[in-house]
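J.: Got a structure for you, questions after.
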Amino acid sequence: MNSGKNLLQLDDIQAHIIRSARPSAARYFFLTVTDPLQFSRFITSDSFSRLLISDEDLHEEGGVALQNPCFVNIGFSYSGLKRMGLPDHLIQQFPPAFREGMARRAQFIGDQWGDYPTQWEGFYGSPHIHVFLAVNYVPSLEDEFAKPPEEWSEADREAHFKKIDACVSSLLNAGSEFPGTHCLAREQAHVIRHERRIREHFGFVDGISQPRVADGMPGSAIAGKKEHAKAKWEPLAAGEFLLGYLDELDLKNLGEEDKTSLNPLTPKQTDPAKSAFQDLTMNGSFLVYRKLEQDVAGFRGYCKDDAELAAKLVGRHYDGTPLVSGHPQPKQNDFDFHDDAEGERCPFTSHVRRVNPRLTLNDGVDEGTRLVDQHRIIRRGMPYGTFIKPDECAQSAPEESRGLHFFCYNARIDSQFEFIQKSWINNCDFMHMPSPIIDPIVGSRGPEDLGQFSFYGERMPIFGLKQYVHVKGGEYFFTPGRKALGLIA
């Protein structure tokens, strides 16, 4: 515990939301609820509750002694909350983006052509997906002193999945389905480690840039998260990612200079219906899921072993080093684009610069940072499929699906995840600079798209860039606090 100074209700927040649990492997289950009463009994059972650990259990001194190297996360779609019998006066208070779901919002956020929901796999996009259930394996929960190897071997991966399967079997209790449900889709994921670094399938070091959540404690600077007018870095307001807490706009409206030690909780509602909704959503978050398939052979074939070209497309070198230069050289996340206003080192249209512009150009430090900070997300994705090492030929690798199970947490789907997709990734008018270019890595391209990308501002365009990441499914889920799970059940 942090001597009572931490004002977040960590004992009620599901683990792996605001602070990473660092799992090495996971299985994901997308369930339809066939018997709400039976499922309610299951998710309130002792066996399930022991695995639904809190952030405090995982990270804080004084948390419970964990008996299992696995833990679970659970989330409900809008149709899932309805299926569980949540009354209309509560369910209609959820924001429109969540109620409509990702499939109905696809065109709005730019999922078109091959990324449109009619092209998605299986049941993805269906209102019959009611529940998301993740079973995660964390090696350090078995041995806190164990150091990750240079690479996870195939034997390591199999061993990790066996741990998960044993945990799943204990929940199934000799059954073939989780009680009261039918599984519509089952996925698996495993962290890629190569040369002692966590990577994604194109070969780039991943998971570098993540926001830190303010906990109500006066704290030290957090590099690379949020720039302050006094040139230090600060964590972001808890309400950007958790429901029931003040967000960045709330803090701006307070007009206080030092907000690190303010009570982060939103005021208690007096209206009975709003108060009940506040209780339901307290310490919850909205989970965005997308299954993204990566065409590794296509990407490497286009780059033709040109590491500089690949770095320009992504916005970082393969080892994670940012393209912006400085003296001394900036750390992997302790930088901004202030000294690269023309996009000569890190192109405006590179993936990293699009999904996190850091300082909004021409808006000044305070206003520019505020605009960016209201559109941040916490990413918790994990790759699937076999990794093709950089020295291996991608074209001759065994054919199999590989990509990323993208997960992110945010408190406002429309102004966080959807804003990033619509206004930064799939918008040619990025940062008020009209061009025919979208995000070169995850943008959705049509059949007539020229595949244009520009170096050095707009002065050196290249063409022929294809779409190497495709959406195969997705949904929005509400991940409740542990106490609120009892209200849903």
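J.: For region 157-181, give me each residue that is touching a residue at least 60 places away in the same chain (Cβ under 8 Å) and farther than 18 Å from residue 51 by Cα.
T.: Residues satisfying the conditions are 157, 180, 181.
J.: Sticking with this one: Working only within region 352-365, note down all residues that are in a loop (DSSP other than H, G, I, E, B) and at pLDDT 80 or above.
T.: Residues of region 352-365 in a loop (DSSP other than H, G, I, E, B): 356-364.
Scanning region 352-365 gives 356, 357.
J.: Under 25 Å from residue 474 (Cα atoms), of a type in the set (Ser, Thr, Tyr) and surrounded by 12 or more Cβ atoms within 10 Å (Cβ to Cβ): which single residue out of 170, 140, 126 fits that description? Write out each step before concluding.
T.: On the way: 170 fails: under 25 Å from residue 474 (Cα atoms); 140 fails: under 25 Å from residue 474 (Cα atoms).
Answer to the selection: 126.
J.: Looking at 281, 270 in this structure, which one is modelled with pLDDT of 95 or more, out of contact with any helix residue (DSSP H, G or I) (no Cβ under 6 Å at 6 or more places or on another chain) and surrounded by fewer than 18 Cβ atoms within 10 Å (Cβ to Cβ)?
T.: One residue alone meets the criteria, 270.
J.: Further question: I need every pair where a residue in region 1-25 that is in a strand (DSSP E or B) has its Cβ under 7 Å from the Cβ of a residue that is modelled with pLDDT of 95 or more and among the basic types (Lys, Arg), sequence separation at least 6 or different chains.
T.: 14/482; 25/157
J.: Here are some conditions: (1) at pLDDT 90 or above; (2) within 30 Å of residue 308 (Cβ to Cβ). Residue 208 meets all but one. Which one does it not meet?
T.: (1)
J.: Among the numbered criteria (1) modelled with pLDDT under 90; (2) more than 20 Å from residue 211 (Cβ to Cβ), which single criterion is violated by residue 318?
T.: Among (1) modelled with pLDDT under 90; (2) more than 20 Å from residue 211 (Cβ to Cβ), the lone unmet condition for residue 318 is (1).
J.: Here's another thing I want to ask about it. Going by the structure shown, is residue 198 β-branched (Val, Ile, Thr) and at pLDDT 75 or above?
T.: Details: β-branched (Val, Ile, Thr): yes; at pLDDT 75 or above: yes.
Answer is yes for this residue.
J.: Here are some residues: 368, 443, 381. Which one is touching a strand residue (DSSP E or B) at 6+ places or on another chain (Cβ under 9 Å) and modelled with pLDDT under 90?
T.: 368
J.: (1) at pLDDT 95 or above; (2) crowded, with 20+ Cβ neighbours inside 10 Å; (3) assigned to a loop (DSSP other than H, G, I, E, B): which one isn't true of residue 409, the others all being true?
T.: All conditions pass for residue 409, except number (3).
The values are calculated or read from the model by the stated rules, or taken from the named source; none is laboratory data. Keep in mind the model is a prediction, meaning the values are calculated, not measured. Quick reminder, even Gly has a Cβ in these numbers, built from the backbone with ideal geometry, and neighbours come from all protein chains shown.
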